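Trainee: Handing you this structure, nothing more for now.
What follows draws every value from the coordinates through simple rules; no lab data is involved. No experiment lies behind these values; they were computed from the predicted model shown. Virtual Cβ from ideal backbone geometry, glycine too; neighbours counted across all protein chains shown.
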């Protein structure tokens, strides 16, 4: 479990992170969303033990990360801009990691080669950008991390590879309870694999939610009545948004599904449908005014 | 879970070697060319006779170049990862502690520097018996060379690493390393030369005696050719390297990984850097304008211009842009502070200028016109040995000093032109020392105070080293003159030498103040062998009557001392009317356009009796220079005419023009 406790970080005079507290449960996939410059990379570097917060602390399984090799050995950080030693082949890089990460799994490394189909003897710099990213994932997963920190990992990958890697990640989470923190400036890119979503905006964590809770907590209701209903139809419901399209009323309602249905059925609607919302829609309605500020994350 | 806690990460070492090993190869090739290969070449060339004082003499320029460049290059390349964002993030995300990462790189750095040197040393060591090079160098030479090179390289390397910790840009690391290494010597030169301008009596020459070169390895190592790398220096270099290593190691732990790309890694260092650069440039501005044009207004201008440039450059580096012309608050505050410091110094708030030791406090005093007058006085130890102990003379010197301070003649550089530099170095009874230096005119105000000092035996013994040597020590001497090398006479009879020296000494002891400050030259001199290859030269002055008699007794007076009958004509020039250097005019156009040509023997004789000694300061000479053209000789003998003795026909001639 990763816990960050009121983390703050300043560069020069600008506050990059302000009192960020987040919790990532073991075996979960945590999506960190935010526009460029929101502080995602800084937060992840702090979690990975690269940078030190000015204030607050970060613990993984109750221990600090910075300079703790035991904790860092269980973790792998994949930066948004990749780095390999110059002139190194995949094989040489793997040798380096084998000597550096105690949990390195050579078997896994060879197994993954079947999947990626890249030449181990070739210099990494000669691969395309997308291929290099695959190499990075290949090496990262071979170190058998318990915690995988991914900063904008899917940039430059085509849909097929993206799918392939997502599957690998999900598989590791399922099989060995790997924990992933994944950052993105695009919700759609990661919504299909995340259990949790945190939104970082101007150095502050705006919200942190369990996606299942979100989805079961908010509903789009389509309802129509034979006659114009009383205003009290909506009393007692938590309405986030409502509009009328002809005789059909469209409303976004927060609450449990059964409660909403039983409440509306009292008024004998002609039509009563509960439709699923996309995550994007949920955020827009959930966040109200603040939603505008982060709109660009959600496209 | 099992952790690999081995001391070394083999892969990390390998990576360093793969990426920076080429430097060691280049280094070794360079060393191979400058030492073993060069020696082989010299050896095959059989006509060459050669031997080295030290192995640094073998292709010394190449060695020096490598020694100055390679260690810093190694430091920059090994720690380059800190300055590249991706690399820094990557390395610091690994489960390796920062200290371990740091030590790995440092260790590889030492190996890259030492291995080529060691390999070269081993090759030299094997070549020695194999090629029988014992005439050229010895085993001891090799290891002395090796030790000095290693100590110097390690110092540069560790300094480079330390500086690298403070910055996030490799180029800045390289430049700052050299500045850092040069700093101790550089700042002393700047401070001394500025105090020289601002503080009346500040003994700049004395501080030059203390050998400022020592304060920076870069300036110290430049004259490594004939040079002994003393054990103490070796220890200091190694000790400093160790200190730099420890500091760097400590700072690396504190260094923010995100500092890559920043000119300065720690924001706390920024003001120090900014105002440090501004201060140094302020001092440099003053130094520059003092050297080029020594008017005080220009020096102040130099302060302002220098500090302005320094401030802007520092800002440009810090902000990584040249458009930094918006922020002036810091500069205005700096100028105010610098102005305050300047006022403290100029108005002598600390009382430095008035501080003269009490006469009773003085144990001894070294007093001379110029502490750099003789080569062997280039050390503070030597001047202590020559210091005057006699209380009567000390009181007289003290009195002169008081008089100088009371009259406050002002230390401004423009007041120093054509003045004589007087140097006082007191050893006090309480163990401390006071050194002062003044520029005064020997003829005017202070003559009455100077006279008893100049005429004392003690002062004469400081001034004339010949007085303190034992005349029995010399087996021979040579008497020659400037106009005719073939006219030199060697005296090899011990008795004659002894007599000549005794007479000479007596002449010097009898010299009056007037004769000392206005010596009349004969253009002849005496040469004594001194030590190996050294010759001590002493001009024969016209006032040396006893010695002159001795010359006559030996029958060599006529051929030694230049006389009117030897001269076909003389030319006198007024240097105020010459557009270029008078010496130049004499050599090139003989008499220029304005020269007075003298052919009358009587006038020539008169002129000969007024020629000032050439190696005396400008204080003694007038504006007139005379060139004597000898029969059958194209090149004249040139001397200034003594200030107080300009013949009437000369002043008449130039006065009427």
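Trainee: If you wrap a convex hull around the C-alpha atoms of segment A:213-298 and split its volume per residue, what is the figure in Å³? Display every interim value, and only then the final one.
Mentor: Details: hull volume 8.4 nm³, N = 86.
Cα-based convex hull of segment A:213-298, divided per residue, equals 97 Å³.
Trainee: Let me ask another. How far is the Cα center of segment B:229-293 from the Cα center of segment B:333-348, in Å?
Mentor: 25
Trainee: For segment B:10-266, just say rounded, prolate or oblate: build the C-alpha gyration tensor, square-root its eigenvalues into a ≥ b ≥ c, call rounded for a/c under 1.5, and beyond that prolate if a/b exceeds b/c, oblate if not. Before the final figure, lay out the partial values.
Mentor: Numbers: a/c = 2.53, a/b = 1.18, b/c = 2.14.
Oblate is the answer for segment B:10-266, as a/c is 1.5 or above yet b/c matches or exceeds a/b.
Trainee: Would you please state which residues of segment B:230-247 a label at residue B:214 would reach in this model, taking the label point 7 Å out along Cα→Cβ and a backbone N cut-off of under 17 Å?
Mentor: B:230-240
Trainee: How much length is gained on full extension from residue B:180 to residue B:428, taking 0.36 nm per residue of separation minus their Cα-Cα distance?
Mentor: 85.6 nm
Trainee: Also, quick follow-up: For segment B:146-256, what class follows from the C-alpha gyration tensor (a ≥ b ≥ c being the square roots of its eigenvalues): rounded when a/c is under 1.5, otherwise prolate if a/b is larger than b/c, else oblate? Could the numbers behind the result be given before it?
Mentor: Numbers: a/c = 2.45, a/b = 1.37, b/c = 1.78.
Judged from the Cα gyration tensor, segment B:146-256 comes out oblate (a/c at least 1.5, b/c at or above a/b).
Trainee: Considering only C-alpha atoms, what is the centroid distance from segment A:42-106 to segment B:536-574, in Å?
Mentor: Result: 89 Å between the Cα centres.
Trainee: Hey, what's the Kirkwood Rh for segment B:16-136 if you take every pair of different alpha carbons, in angstrom? Walk me through the numbers on the way to the answer.
Mentor: Details: mean 1/r = 0.0607 Å⁻¹.
Radius from the Kirkwood sum: 16.5 Å.
Trainee: Using only the Cα atoms of segment B:475-578, construct the convex hull and provide its projected area averaged over every direction, in square nanometres to one decimal.
Mentor: Numbers: hull surface 35.0 nm².
Dividing the Cα hull surface by four gives the mean projection, 8.7 nm².
Trainee: Okay, moving on. Could you give the distance between the Cα centres of segment B:58-82 and segment B:448-523, to the whole Å?
Mentor: 53
Trainee: What is segment B:192-280 by shape, rounded, prolate or oblate, if you read a ≥ b ≥ c off the alpha carbon gyration tensor as root eigenvalues and call it rounded for a/c under 1.5, prolate for a/b larger than b/c, and oblate otherwise?
Mentor: Details: a/c = 3.04, a/b = 1.32, b/c = 2.31.
It comes out oblate by the Cα gyration axes.
Trainee: Also, quick follow-up: Just the C-alpha atoms of the protein assembly as shown: what Rg/Rh do they give, with Rh taken as the Kirkwood radius?
Mentor: Details: Rg = 42.9 Å, Rh = 36.4 Å.
Ratio value, two decimals: 1.18.
Trainee: Then there is this: If all Cα-Cα distances of segment A:82-121 are sorted into 5 Å bins from 0 onward, what percent lands in each bin, rounded to whole numbers?
Mentor: Answer for segment A:82-121: a P(r) of 6, 21, 30, 27, 16, 1 percent.
Trainee: Where does each of B:317-326, B:354-363, B:78-87 land if you order them by average Cβ count within 10 Å, highest first? Please report the intermediate quantities before stating the final value.
Mentor: Working: B:317-326: 11.9, B:354-363: 15.1, B:78-87: 20.2.
Order by mean packing, descending: B:78-87, B:354-363, B:317-326.
Trainee: So if each residue of separation counts as 0.36 nm, and I subtract the Cα-Cα distance between residue B:478 and residue B:509, what length gain in nm does that give?
Mentor: On the way: separation 31, 0.36 × 31 = 11.16 nm, distance 2.19 nm.
That works out to 9.0 nm of additional length.
Trainee: Another question about this same structure. Radius of gyration and Dmax for segment B:564-656's Cα atoms, expressed in Å?
Mentor: Final numbers for Rg and Dmax: 12.0, 33 Å.
Trainee: In addition: Quick one: P(r) of chain A from all Cα-Cα pairs, 10 Å bins, percents rounded to integers, in order of increasing distance.
Mentor: Binned Cα distances yield the sequence 6, 24, 28, 21, 12, 7, 3, 0.
Trainee: Just the Cα atoms of segment B:128-188, one point each, no solvent: what log10 I(q)/I(0) does Debye give at q = 0.13, 0.16, 0.19 Å⁻¹?
Mentor: Normalising to I(0) and taking log10 leaves -0.54, -0.64, -0.74.
Trainee: How well do other chains shield peptide B:84-93, expressed as the mean number of their Cβ atoms within 10 Å of each residue Cβ?
Mentor: Working: counts 1, 3, 6, 4, 2, 12, 9, 3, 9, 13.
What the average comes to for B:84-93 is 6.
Trainee: With a point put 7 Å past each Cα toward its Cβ, work out how far residue A:207 is from residue B:495 in nm, to one decimal.
Mentor: Simple spin-label model gives 12.2 nm for this pair.
Trainee: I've got another one for you. Compactness ratio of chain B: Cα Rg over 2.2 N^0.38 Å, N = residue count? Can you show the working numbers first?
Mentor: Details: Rg = 31.6 Å, N = 657, 2.2 N^0.38 = 25.9 Å.
Scaled against compact globular proteins, the figure is 1.22.
Trainee: What is the gain in length, in nm to one decimal, between residue B:8 and residue B:107 on full extension, counting 0.36 nm per residue of separation less the C-alpha to C-alpha distance?
Mentor: Values: separation 99, 0.36 × 99 = 35.64 nm, distance 1.05 nm.
Net length gain for the segment: 34.6 nm.
Trainee: Same structure, new question: Using only the alpha-carbon atoms of segment B:97-143 as identical scatterers, what base-10 log of I(q)/I(0) does the Debye formula give at q = 0.23, 0.29, 0.30 Å⁻¹?
Mentor: Log-scaled intensity ratios, in q order: -0.77, -0.96, -0.99.
Trainee: Between residue A:128 and residue B:558, what is the label-to-label distance in nm when each label sits 7 Å out along the Cα-to-Cβ direction?
Mentor: Reported label-point gap for residue A:128 and residue B:558 is 10.7 nm.
Trainee: Please determine, in degrees from 0 to 90 and to the nearest 10, the orientation of helix B:139-165 with respect to the longest principal axis defined by the Cα atoms of chain B, where the helix direction is its Cα long axis.
Mentor: Helix B:139-165 sits roughly 60 degrees off the main axis of chain B.
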